[in-house]
Structure formats: structure tokens, C-alpha cells
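Data block below; observations after.
The values are calculated or read from the model by the stated rules, or taken from the named source; none is laboratory data. Only a predicted model underlies this, so the values are computations on that prediction, with no experimental measurement involved. Cβ sites come from the backbone with ideal geometry, for glycine too, and all protein chains shown count toward neighbours.
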Amino acid sequence: MHQTKTPNEIERVTAEDRKCARKDFEEDRSALIAHNAASSAGIRKASRVPEGVARNALGFDIDIKQGKRCDQKRSGRCWMFASLNMLRLSTIKKFKLETFEFSQAYSLFFDKLEKSNWFLGNILDTLDEPLDGRLMAFLLADPIGDGGQWDMFRALMKKYGVVPKETMPETACSENTAEMDRYLTRYLRGAAKRLRETSAAGASMDDLLAMRKEQLHEVWRLLAICLGEPPESFESRVHDKDGKLVDELSGTFTPKGFFDAACDIDIDAYVSLISAPTADKPFNHTYTVDRLGNVVEAGGVRYLNLPAKRLKQLALAQLQDGLPVWFGCDVAQSYLRDEGIMDTAALDVDSLFGFPVEGALSKAERLDFGDSRMTHAMVLEGVRLDKNKEPTLWKVENSWGEDHGREGFDTMSDAWFDEYVYQVVVNKKYLSEPERHIFETEEPIVLAPWDPMGSLALSD
């Protein structure tokens, strides 16, 4: 007769389990060698494949040159830096500049302000939600983190414009945002508590909205103390690479006026494409994410889901026209950070351990089981092609300073693109007519707030 084991007997790690595992390990010479390597050098250095690294030698068929490399320092503003880097190329090319940077601190100020307002609006919209429910836990977890997406950047540009970096330079709080974020988050959680308590005490919505306005004024004060107040107008003097004054960029400007003068780009023409091969997100359909955004009047995000191969075709088309491409990825995967190499063949973690680790899940499975999501945004600025004009290696502009990688840029293998790139932004003119029609007319499927496609690029 079969004897049923108790849960305790099933769940516990037994002495026999430990004995067998120890015996297997000690009798496997490759495991001992792997132990020596990993314990001395770390997992990634121990699993580094020189032949795979060698595939990332420099040399590109398309190579877009722009100014000095930017550095987001200890902040999660990669999406903002990537977006501004994409914009600045048009400025550098149009006016023949040696280099140029827009102020990231200026955009940061208004992103935090708008995210705070977005969060408080969500609190007012969820007054009847249980505090210990999943939705409230999600909203309170990270209301104003540094991360973001392209649609959120576009909303900021359209409402607030841009200023040169010298007009609103970096501060200690913009270069290392952790402290500011911590105190602003604490304030907003307190604000959420007060709104919910005031509502429970019987206050009208008008009273709650008035309270929200007062809270936003306090958010402004906190941000101004940390970052300085953003200018309503400013004086600008810009010189080209020959030292000649650029009249179009010199004088008195509002931030929106400077955007119009400096940026030779139709920001509304750029659309966000994702590649999420999961069963719940059929390709060739549009999606949005519930409660994801920053500028209320701009709405949330909008994606068109396409296969990774199609994303690569569209990115290549834009690069061939001399235009960089914003993209979002899971940067920590198969990545040699010091060398700036993203390549599935440059690391062999599975061989180091002797069983599938990185190879345990497919791209779709990694999304479904919480193993991967977009964590970082960068800019494609070059590509190497094979004899069939297919991409083999991509050149990537990062925002970790010129001392990172290869003088500030990384390389990404085409296989890595397939596995870990989740989002690209291209001009919609590159889309096919059916794709453009779907993007512009289809009612988007609404994804849950915690869906992996709602993740924000924020790696520092």
C-alpha cells in the first residue's frame, strides 16, 4: 500500500540530499575547476568566452557620429539621456556643432513634478481600493522613480521644451538621485495617506482636489531645493565647430521656443514598437499599460507589438537614413559591462555551472516568469552588415560616460538583440501601410499595471 508522505517530509532538505549533492560535486572535476574560477574572479569573468568577445571587434558599415558621450552618473535617467541624445544629433548636424547637450536636469524636474501629479491622481481614483490590495501596493511601491519610456519623454518635450545644459546644469541631487527620490517618495506616500483619510472623513472631491494642488506646490518646493528652479526664459549663445556664433540658437528663448529652434525633428512622428512574444500579446496589435504615464493630458503609452526581426528591419531602415534609434532592453543579461559587450556568445554561464541557467527559459518564458523585462534605454548609432546586408553587430551609444566600454559606446550582437531587446522607437514613415493603420486606428489592449511591458528603463 502506498504511504503518503507528510508535507514536512516532502519539503525538507534531508541529510541524504546533502550527501548526494556533495558527492556529485566533489567527483566532478569540471565543477571544481569552475569553483576555482568563479570564486576567484566572479561568475561573469569566469564564464567569459574570448572567441565570443573577439566577434565584437569594431568596424561598422553604418556609423552615425555625434558629440561627446554623456554621463547619467548615479541616476536612473537612461531613457531621458537616450531620448535627448537622439534629439541632439539633429541639432549637431543642422548647425554643424562640435558637440552639444540639452539639460537633463531640466527634464528631470518636470518629470518628477508630472509623475507626482500622476500619482496623486491615481490615489484619488482608487480611494475605495483596499490599502493591502495588489493595486495599492503597486502604486505605493515606486511612485516617482527615475525610469521612463519614450512616450513619457515625448509628453515632456511637447509641454515643457528643452534648454541647453549650461542653462540648468546638473546638481548633486540630479547626478545621484537616490536621496531626492527617497524623500520625495516618502512625502508622496504621506500625501496619499492624507488624501485617503480626508476622503474617509467625508470630504468632497473639490476639497480633495484643493489638497492635491497644495501638495503639488510642496513637491515643486522640494524639487527646486534639490535641482533649482527651471527657467521660464533664458539667454543662449551657441558656437559651431569653427567658433562662429549660430544666430538661430543665440538670443533669448523660452524652453519651448528653443526646442522649435534647435530640434529639426517631428517628435510626434516617432512611435514606440515592442517585441513581446508571449501568448497574451499577439503580434500586429496595439497595447497600452493601465496607470502608466507622467503628463496627465498626454495620456499613457501606446505600443505596436511586432516580431524582433521586424524591429531590426525598421531600426536598420532609420539608421540607413542617418538617424539614430532609441531602444529599450534588459541590459544586465549576457553583458560584459566593463568591456561594453552585449553578446550571448561572449558569456557561457551554462557551461560554467554545467546545466542550463541563462538557457533555461525562452524569451517569452522569461517575460512570463519574471526573469526579464526592459531595464535600460540606449541609442543605436551604427550597424555591421554581412554579405546579404543583414545585421550582425550593432553599435550602441550608452549614457555612462566616455570611460565606459569602448570610449562610451557598447556593441550588441544580432543574437542578443533577438533575446533581450524589447522596444525600439522609429519614425512611423518606416512602417508598412498596414502597420501604420493598426498603430493609428486600433483601440489598444489594456495591460495590467504590473505587466512586464510596463517596466521603466532606469539602469544606472
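Determine if the range 111-133 includes at least one residue that is assigned to a helix (DSSP H, G or I), more than 22 Å from T288 (Cβ to Cβ) and touching a Leu at 6+ places or on another chain (Cβ under 7 Å). Reasoning before the result, please.
From the range 111-133, those assigned to a helix (DSSP H, G or I) are 111-125; that's our starting set.
If we keep only those that are more than 22 Å from T288 (Cβ to Cβ) too, we end up with 112-113.
Those left that are additionally touching a Leu at 6+ places or on another chain (Cβ under 7 Å): 112-113.
Scanning the range 111-133 turns up at least one residue that is assigned to a helix (DSSP H, G or I), more than 22 Å from T288 (Cβ to Cβ) and touching a Leu at 6+ places or on another chain (Cβ under 7 Å).
Pick from the range 159-211 the residues that are among the acidic types (D, E) and within 30 Å of P231 (Cβ to Cβ): which of them is surrounded by the most Cβ atoms within 10 Å (Cβ to Cβ)?
Out of the qualifying residues, it is D181.
Hey, can you tell me all the residues within the range 366-396 that are within 14 Å of the chain's Cα centre (by Cα), part of a loop (DSSP other than H, G, I, E, B) and not hydroxyl-bearing (S, T, Y)?
R373, M374
Kindly list the number of the only condition in (1) in a helix (DSSP H, G or I); (2) touching a Pro at 6+ places or on another chain (Cβ under 9 Å); (3) within 30 Å of V425 (Cα to Cα) that fails for L184.
Result: L184 passes all but (3).
Among the residues that make up the range 27-38, is at least one of them at negative phi and touching a His at 6+ places or on another chain (Cβ under 9 Å)? Don't jump to the end; show me each part of the working.
Step one: filter the range 27-38 for residues at negative phi, giving 27-38.
If we keep only those that are touching a His at 6+ places or on another chain (Cβ under 9 Å) as well, we get none.
The answer is no; no qualifying residue exists.
Counting just the residues of the range 112-144 that are of a type outside the set (A, V, I, L, M, F, W, C) and touching a Phe, Trp or Tyr at 6+ places or on another chain (Cβ under 8 Å), which one comes out nearest to L227 (Cα to Cα)?
Restricting attention to the range 112-144, the residues satisfying the condition of being of a type outside the set (A, V, I, L, M, F, W, C) are 112, 114-117, 121-122, 125-126, 128-130, 132-134, 142-143.
Filter once more, so that each one left must be touching a Phe, Trp or Tyr at 6+ places or on another chain (Cβ under 8 Å): 134, 143.
Values: R134: 33, P143: 19 Å.
Ranking the qualifying residues of the range 112-144, first place goes to P143.
Considering only the range 346-365, state which residues are under 24 Å from D460 (Cα atoms) and more than 20 Å from the chain's Cα centre (by Cα).
At the first step, the residues of the range 346-365 found to be under 24 Å from D460 (Cα atoms) are 346-347, 349, 358, 363.
Hits for the range 346-365 are A346, L347, V349, E358.
Can you pull out every residue in the range 208-265 that is among the basic types (K, R) and over 16 Å from E114 (Cα atoms)? Show your work before the answer.
Filtering the range 208-265 for residues among the basic types (K, R) gives 212-213, 221, 237, 241, 244, 256.
If the condition is that a residue be among the basic types (K, R) and over 16 Å from E114 (Cα atoms), then R237, K241, K244, K256 are the ones that fit.
Filter the range 329-365 down to the residues that are among the aromatic types (F, W, Y) and part of a loop (DSSP other than H, G, I, E, B) and list them by number. Talk me through it step by step, then tell me what you get.
Just the residues of the range 329-365 that are among the aromatic types (F, W, Y), to begin with: 335, 353, 355.
Hit for the range 329-365 is F355, nothing else.
Could you please tell me which pairs satisfy a Cβ distance under 6 Å, a separation of 6+ or placement on different chains, a first residue in the range 364-375 that is touching a residue at least 12 places away in the same chain (Cβ under 8 Å), and a second residue that is assigned to a helix (DSSP H, G or I)?
Between residues of the range 364-375 that are touching a residue at least 12 places away in the same chain (Cβ under 8 Å) and residues that are assigned to a helix (DSSP H, G or I), the close pairs are L367/P452; S372/R366; R373/P452.
Quick check: is even one residue across the range 407-419 polar (S, T, N, Q) and crowded, with 18+ Cβ neighbours inside 10 Å?
The initial filter retains those residues of the range 407-419 that are polar (S, T, N, Q), namely 411, 413.
Filter once more, keeping what is crowded, with 18+ Cβ neighbours inside 10 Å: 411, 413.
Within the range 407-419, one or more residues are polar (S, T, N, Q) and crowded, with 18+ Cβ neighbours inside 10 Å.
Suppose we keep only residues that are hydroxyl-bearing (S, T, Y) and out of contact with any Pro (no Cβ under 6 Å at 6 or more places or on another chain) within the range 276-314. Which one would you say is surrounded by the most Cβ atoms within 10 Å (Cβ to Cβ)?
Going residue by residue through the range 276-314, those that are hydroxyl-bearing (S, T, Y) are 278, 286-288, 303.
Still in the running and out of contact with any Pro (no Cβ under 6 Å at 6 or more places or on another chain): 278, 303.
Working: T278: 17, Y303: 27.
By that ranking, first place goes to Y303.
Please find, among W400, W416, the residue that is farther than 16 Å from G59 by Cβ, of a type in the set (F, W, Y) and touching an Asp or Glu at 6+ places or on another chain (Cβ under 6 Å).
W416 is the lone residue from the list that is farther than 16 Å from G59 by Cβ, of a type in the set (F, W, Y) and touching an Asp or Glu at 6+ places or on another chain (Cβ under 6 Å).
Would you mind listing the strands (runs of 3 or more DSSP E) fully within the range 225-295 where at least 1 residues are under 28 Å from L323 (Cβ atoms) and polar (S, T, N, Q)?
Details: elements: 234-236, 251-253, 270-274, 285-289.
Ranges flagged: 234-236, 270-274, 285-289.
Collect the residues in the range 355-383 that are in contact with a Ser or Thr (Cβ under 9 Å, 6 or more places away or on another chain), surrounded by fewer than 21 Cβ atoms within 10 Å (Cβ to Cβ) and at pLDDT 95 or above, keeping them in residue-number order.
L361, K363, A364, E365, R366, D368, R373
For the range 392-448, enumerate the residues that are among the hydroxyl-bearing types (S, T, Y) and modelled with pLDDT of 95 or more. Show your work before the answer.
Within the range 392-448, the first condition is being among the hydroxyl-bearing types (S, T, Y), and the residues that meet it are 392, 399, 411, 413, 420, 422, 430, 432, 441.
Matches in the range 392-448: T392, T411, S413, Y420, Y422, Y430, S432, T441.
Would you confirm, using the coordinates I've provided, whether A57 is closer than 30 Å to P356 by Cα, touching a strand residue (DSSP E or B) at 6+ places or on another chain (Cβ under 9 Å) and either in contact (Cβ under 8 Å) with a residue 24 or more places away in the chain or aliphatic (A, V, I, L, M) (or both)? Write out each step before concluding.
Working: closer than 30 Å to P356 by Cα: yes; touching a strand residue (DSSP E or B) at 6+ places or on another chain (Cβ under 9 Å): yes; either in contact (Cβ under 8 Å) with a residue 24 or more places away in the chain or aliphatic (A, V, I, L, M) (or both): yes.
The answer is yes for A57.
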